[in-house]
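Step one of this worksheet: look at the structure below.
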């Protein structure tokens, strides 16, 4: 905090520092990325369990859509957050969280694709 005198008066102008605000998009990106990873694990599990009976691919496909959308949302929100933080000149924080959200979202999409391949392989093998 600094105080600057007002010329011609006995008063001063106090200028306080405001800490940067944490980016909501960065937080949303990380939450969606973690959700994508969690749901992608369900894709693989349902594919393996339901593969012999034939319902595994159907249930895995429904969860794969959800996991894919969450992963893409995480990547999109993370990219928006990184741009916002960069353009804010110190008013927003959370660049590391945004990058973590991008990585988690991408990982969730890759795990979802792998889980669907496992579900298809379990159905074909049965």
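Couple of notes before you dig in:
- Residue match in segment 78-95 (condition: within 9 Å of the chain's Cα centre (by Cα), in contact (Cβ under 8 Å) with a residue 24 or more places away in the chain and more than 22 Å from residue 45 (Cβ to Cβ)): yes
- Qualifying residue in segment 86-109 (condition: surrounded by fewer than 22 Cβ atoms within 10 Å (Cβ to Cβ), in contact with a helix residue (DSSP H, G or I) (Cβ under 6 Å, 6 or more places away or on another chain) and either on the phi > 0 side of the Ramachandran plot or not in a helix (DSSP H, G or I) (or both)): yes
- Meets criteria (surrounded by fewer than 19 Cβ atoms within 10 Å (Cβ to Cβ) and under 17 Å from residue 110 (Cα atoms)) for residue 70: no
- Matching residues in segment 36-56 - criterion: being assigned to a helix (DSSP H, G or I) and surrounded by fewer than 20 Cβ atoms within 10 Å (Cβ to Cβ): 38, 41, 42, 45, 48, 49, 50
- Among (1) at negative phi; (2) modelled with pLDDT of 90 or more; (3) surrounded by fewer than 19 Cβ atoms within 10 Å (Cβ to Cβ), the one test that residue 8 misses: (1)
- Hits in segment 11-27 (condition: buried (at least 18 other Cβ atoms within 10 Å of the Cβ) and farther than 15 Å from residue 93 by Cβ): none
The values are calculated or read from the model by the stated rules, or taken from the named source; none is laboratory data. Everything quoted here is computed from the prediction, not taken from an experiment. Counting neighbours? That spans all protein chains shown, and the Cβs are built from the backbone with ideal geometry, glycine included.
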